[in-house]
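Okay, structure first, notes after.
The values are calculated or read from the model by the stated rules, or taken from the named source; none is laboratory data. Since the model is a prediction, treat every value here as computed from it, not as a measurement. Cβ placement follows ideal geometry from the backbone for every residue including glycine, while neighbour counts extend to all protein chains displayed. Surface accessibility is based on the protein's heavy atoms, side chains included, excluding ligands, DNA and RNA. Shrake-Rupley method; radii C 1.70, N 1.55, O 1.52, S 1.80 Å.
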Amino acid sequence: MKVGFIGLGVMGAPMALNILKKGHTLVVYDRSQQAIDQLVRAGAVAARSPREVGAGSDIVVTMLPEPQHVEQVVLGPDGVIEGLGAGGIVIEMSTIDPATSRRVGDALRARGMELVDSPVGKTSEHAVTGTLTLMVGGNRPAIDRALPILHCMGTDPYFCGGPGTGHAMKMTNNLLATTIMIANTEAIAIGVKAGLTLELMQEVMRTTMAWNQQFAVAMPKKAFLGDDSPGFAIRLACKDVRIACEAAQSMGFEALVGRAAQATMDQAIAKGLGDRDTAALMFLREKQLGIEVRQSPPAQKAA
């Protein structure tokens, strides 16, 4: 198939590479020339604008930071909608709010095109291996046509419902995942300050309702090793929580836990940590309490 890809960041670049590896032709666009060059070396064709991506594609994938970027790239001047032909599909894989997703989808459908929303779960490691979780919403015929491309990037597709429901699922998922992670940093820091060891807390909490995947999997890989190298940036996690809180507010509900998590991340961003991995939130707690939370990396087996 002729596929376009816009947004070649930490997640988008390996996702685009996996489309190439499955034998599809690929035309790419990104604000970073370095990101474009990487894909061109792998066999993609560079475009000069989103419109040019649309003109060279049957299906265009977008993986962008913010809702306004999606609207601009798809619907704006020189956008995908100006190049993609009738019957074309946009697979929108960013983390955006359902209202924006539906608005962009409606504009495409008015021109004879379709939008499939399919934001992703898991990590950049899974983006590399093509084993992402896919949260898919849209009209079923369009989803069926998009599935061969979706299967290049993920192995766990979940059909969430009609247009916008994939983004609703991702918004809900990220609100919970991020608030759990921030609650972990707070509880663990308090425990260490009170004289407990990380190992003891892990051992005890593994037997209680406090145990969670952030504590079990994500934090031992990054935060507990003192590693906040770029992965899932704090500014993006903050954006995801903000989207969920604003959606809740539009429903007449105030997401108090979400707002507290957003305030913590706003504090980290104000300290210049916005582009660091969310692991840096643990280090923010450490500085506040004058502690250090670390575990030894796994011992290497003898040859």
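Values for this structure:
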quantity: Test: residue in region 96-117 that is open to solvent by less than 40 Å² (accessible area, probe 1.4 Å), within 24 Å of residue 232 (Cβ to Cβ), of a type in the set (S, T, N, Q) and in a loop (DSSP other than H, G, I, E, B); calculated: no
quantity: Residue selected from region 9-68 under the condition charged (D, E, K, R) and assigned to a helix (DSSP H, G or I), by the criterion surrounded by the fewest Cβ atoms within 10 Å (Cβ to Cβ); calculated: 41
quantity: Leading residue by the ranking (least open to solvent (accessible area, probe 1.4 Å)) among those in region 148-161 that are in contact with a helix residue (DSSP H, G or I) (Cβ under 9 Å, 6 or more places away or on another chain), of a type outside the set (A, V, I, L, M, F, W, C) and modelled with pLDDT of 95 or more; calculated: 154
quantity: Positions within region 258-295 being in a helix (DSSP H, G or I) and in contact with an Asp or Glu (Cβ under 6 Å, 6 or more places away or on another chain), in sequence order; calculated: 280, 286
quantity: Considering residues of region 178-200 that are within 14 Å of residue 285 (Cβ to Cβ) and touching a Gly at 6+ places or on another chain (Cβ under 9 Å) only, the residue surrounded by the fewest Cβ atoms within 10 Å (Cβ to Cβ); calculated: 193
quantity: Residue in region 210-232 that is on the phi < 0 side of the Ramachandran plot, polar (S, T, N, Q) and part of a helix (DSSP H, G or I) present; calculated: yes
quantity: Criterion: over 24 Å from residue 124 (Cβ atoms), modelled with pLDDT of 95 or more and of a type in the set (Asp, Glu) - qualifying residue of 114, 92; calculated: 114
